[in-house]
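Student: This structure is in structure tokens; I'll ask about it shortly.
The values are calculated or read from the model by the stated rules, or taken from the named source; none is laboratory data. Note that the coordinates shown come from a computational prediction; the quantities given were computed from them, not determined experimentally. Ideal geometry is used to build each Cβ from the backbone, glycine not excepted, and the neighbour counts take in all protein chains shown.
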Amino acid sequence: MNIPGAIDCDIHPSIPGLDALLPYMPDTWREIIQIRGIDGLNSISYPARSPLTARPDWSPEKGKPAATLAQIQRECLDPFGSAIAICNCLYGVQLLFSEDMAAAFARAVNGWMAAELLDRDPRLRASIVVPIQNVELAVDEIERCAQDPRFVQVLLLASGDHPLGKRMYWPIYAAAARHKLPIGIHAGSNYHNPPTAVGWPSYYTEDYVAQAQAFQSQLTSLFCEGVFNRYPDLKVVLLESGWTWLPAHLWRLTKYWRGLRMEIPWADRSPADVVRSNVRLSLQPTDAPPDAASLQRIIEHLQSDELLLFSTDYPHWQFDGMAAIPAGLSPALVRKITVDNPRATYARLMELVR
């Protein structure tokens, strides 16, 4: 696959180690980290040795996958020919209970991405990592990073302390809308609560499968709480959510919206209409049957060719070789997914339009 102008909406650079972040922290926090013996934050929902965490050919013998610009260029940018790739750094900022420490780590992660990646390759953009533990501090970080046009999105996790539609989070959406930044909701958890609705599972397989349920809950929350009514131009991108679950979920949500809409009178459009105007989903993982006919039928159920955004999910293992685009898609749809839809979703990429 090498499509001119393709925009990869989900890649995952790794922080090489805590030492890489220290130059981007104030002296006070460097001292606190040393005194407390903090040696780094665990990745969110991706165990270091899990096969899903990194494809075998993207796993170095030493060090972390996707931890250097050279790795990202050699394994992702150059082979796929992406004109732009959006870095979604999944460092464990959201795991912390200290709001101030979370803000310090978020600022350091964003500073590291700007200096070590964005400054060194013009093809790279990034999502703003925010300390969602404190909404005011999260807004401060959005305001700071938004001054750099290479930050194109605000990054949140699918599983956290509260449903994301709650009004306590609306200042984040207001800041994002003001700066024309989509909200990217990525698979992951702060693990303050069980990852399933029925308690703590035993195996990583259960955790990973439950991520799709978390996305469904967050989408329902955003709709029912009226986020899109308050911020009608806000785009929400579901990242690494899978997407074949969407038609069935929209059918169910629409059915009960019709029967219970007196409870949420501000929801004056159907869930399907809202999703098709305000919500997008990354292509990988493509959680569909392997045959092209079944995949095409699911795409028809989406009833829109504007929902999917190209992603490799590098370095996570979702496909082998260059098969980032599922077989059987028409050239016109491939063009929409790889170029047109990302441009329409990310306002800060519009300078790429030719």
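So that you can scan it fast, the table gives a plain yes or no per residue for (1) polar (S, T, N, Q); (2) free of Cβ contacts under 8 Å to residues at least 40 places away in the same chain; (3) assigned to a helix (DSSP H, G or I); (4) closer than 24 Å to A324 by Cα:
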| site | (1), (2), (3), (4) |
| --- | --- |
| P201 | no, yes, no, no |
| T205 | yes, yes, yes, yes |
| Q211 | yes, no, yes, yes |
| F215 | no, no, yes, yes |
| L234 | no, no, no, no |
| V237 | no, no, no, yes |
| S241 | yes, no, no, yes |
| T244 | yes, no, no, yes |
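Student: Still on this model: Which number in (1) at pLDDT 95 or above; (2) part of a loop (DSSP other than H, G, I, E, B); (3) in contact with a Lys or Arg (Cβ under 9 Å, 6 or more places away or on another chain) marks the one condition that S311 misses?
Tutor: So the condition that S311 fails would be (3).
Student: Report whether or not Y173 is aromatic (F, W, Y), out of contact with any helix residue (DSSP H, G or I) (no Cβ under 8 Å at 6 or more places or on another chain), in a helix (DSSP H, G or I) and touching a residue at least 40 places away in the same chain (Cβ under 8 Å).
Tutor: no
Student: Does at least one position in segment 99-110 carry a residue that is assigned to a helix (DSSP H, G or I), of a type in the set (S, T, N, Q) and either buried (at least 24 other Cβ atoms within 10 Å of the Cβ) or in contact (Cβ under 8 Å) with a residue 40 or more places away in the chain (or both)?
Tutor: yes
Student: Oh, and also: Given the conditions (1) in contact with a helix residue (DSSP H, G or I) (Cβ under 9 Å, 6 or more places away or on another chain); (2) more than 19 Å from L164 (Cα to Cα); (3) of a type in the set (F, W, Y), which single one is not true for Y256?
Tutor: In the conditions (1) in contact with a helix residue (DSSP H, G or I) (Cβ under 9 Å, 6 or more places away or on another chain); (2) more than 19 Å from L164 (Cα to Cα); (3) of a type in the set (F, W, Y), Y256 misses (1) alone.
Student: Give E99, E143 a once-over and let me know the one that is more than 23 Å from R348 (Cα to Cα) and over 15 Å from the mean Cα position of the chain (by Cα).
Tutor: Every option except E99 fails the conditions.
Student: Also, quick follow-up: Filter segment 111-132 down to the residues that are among the aliphatic types (A, V, I, L, M) and assigned to a helix (DSSP H, G or I) and list them by number.
Tutor: If the condition is that a residue be among the aliphatic types (A, V, I, L, M) and assigned to a helix (DSSP H, G or I), then M113, A114, A115, L117, L118 are the ones that fit.
Student: Let me ask something else about it. Which one of these does W266 not meet: (1) surrounded by fewer than 18 Cβ atoms within 10 Å (Cβ to Cβ); (2) of a type in the set (A, V, I, L, M, F, W, C); (3) over 20 Å from the mean Cα position of the chain (by Cα); (4) outside any loop (DSSP other than H, G, I, E, B)?
Tutor: All conditions pass for W266, except number (4).
Student: Further question: When residues of segment 332-354 are filtered for being assigned to a helix (DSSP H, G or I), surrounded by fewer than 12 Cβ atoms within 10 Å (Cβ to Cβ), modelled with pLDDT under 90 and among the hydrophobic types (A, V, I, L, M, F, W, C), how many remain?
Tutor: 1
Student: Does S127 satisfy the criteria of being surrounded by 24 or more Cβ atoms within 10 Å (Cβ to Cβ) and either without any contact (Cβ under 8 Å) to a residue 60 or more places away in the chain or out of contact with any helix residue (DSSP H, G or I) (no Cβ under 6 Å at 6 or more places or on another chain) (or both)?
Tutor: Against the criterion (surrounded by 24 or more Cβ atoms within 10 Å (Cβ to Cβ) and either without any contact (Cβ under 8 Å) to a residue 60 or more places away in the chain or out of contact with any helix residue (DSSP H, G or I) (no Cβ under 6 Å at 6 or more places or on another chain) (or both)), S127 qualifies.
Student: Oh, and also: Does segment 158-168 contain at least one residue that is closer than 25 Å to R348 by Cα, at pLDDT 95 or above, assigned to a helix (DSSP H, G or I) and over 16 Å from the mean Cα position of the chain (by Cα)?
Tutor: The answer is no; no qualifying residue exists.
Student: Test of understanding: among L307, L329, L295, which residue is touching a residue at least 40 places away in the same chain (Cβ under 8 Å) and surrounded by 14 or more Cβ atoms within 10 Å (Cβ to Cβ)?
Tutor: L307
Student: To continue, here is another question. I'm told K62 meets every condition in (1) surrounded by fewer than 13 Cβ atoms within 10 Å (Cβ to Cβ); (2) assigned to a loop (DSSP other than H, G, I, E, B); (3) modelled with pLDDT of 95 or more; (4) not aliphatic (A, V, I, L, M) except one. Can you identify the failing condition by its number?
Tutor: (3)
Student: I'd like the full set of residues that are within 12 Å of the chain's Cα centre (by Cα) and either without any contact (Cβ under 8 Å) to a residue 12 or more places away in the chain or assigned to a loop (DSSP other than H, G, I, E, B) (or both), limited to segment 84-96.
Tutor: N88, C89, L90
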